[in-house]
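So the structure is just underneath, and the comments pick up after that.
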Amino acid sequence: MADYKEAPLASRPKTLDPNEYFNLSLEYRRAEEQRSAMRSNLKLQYQTQLNNPHRKALIEDPALNRWMYARSHTYPHFKATFKTSLTGLLFSVVPIIGFYYLFKTDRDKKEADIKAGKCDRRFALSS
């Protein structure tokens, strides 16, 4: 931490701030220790459930439940922004217009060739 040089266009990262490590209040340290103890207790409970060879039921993992809920219920929490609107436009409207233009110009060119007599239209089973 002592030999870290700050970049001219960027501020010091919060993880390298000395106040984050040394100037902590006793209440903050106690709260952090309690949170750490709770996390380690939850990890221990999960590991004992996971490694139990005689288990019959599924293991309840709250983090996995939250993740699956968030993955399956995206629309109630969806917020339309400029980026999402532009992405939707690019992936839905633009391909339809592009394929229409591509097929229409190809068809018009082929029709013009047929009318001019440049296109040979003999029927063949194998091309």
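The values are calculated or read from the model by the stated rules, or taken from the named source; none is laboratory data. From a predicted model like this one, the values you see are computed outputs, not experimental measurements. All Cβ positions, glycine included, derive from the backbone under ideal geometry; neighbour counts span all protein chains shown. Just the protein is used for accessible areas: all its heavy atoms, side chains included, with ligands, DNA and RNA removed. Shrake-Rupley method; radii C 1.70, N 1.55, O 1.52, S 1.80 Å.
A few remarks follow.
- Selected residue (only one of ALA7, ALA70 is among the small types (Gly, Ala, Ser) and surrounded by 10 or more Cβ atoms within 10 Å (Cβ to Cβ)): ALA70
- Residues in region 102-122 that are open to solvent by 90 Å² or more (accessible area, probe 1.4 Å) and over 51 Å from the mean Cα position of the chain (by Cα): LYS115, LYS118, ASP120, ARG122.
- Matching residues in region 32-51 - criterion: being hydrophobic (A, V, I, L, M, F, W, C), open to solvent by 100 Å² or more (accessible area, probe 1.4 Å) and within 17 Å of LEU64 (Cα to Cα): LEU42, LEU44
- Take the conditions (1) among the hydroxyl-bearing types (Ser, Thr, Tyr); (2) modelled with pLDDT of 90 or more; (3) open to solvent by 100 Å² or more (accessible area, probe 1.4 Å); THR84 misses just one of them, which is (3).
- Which numbered condition ARG29 fails, given (1) under 30 Å from the mean Cα position of the chain (by Cα); (2) open to solvent by 100 Å² or more (accessible area, probe 1.4 Å); (3) at pLDDT below 90: (1)
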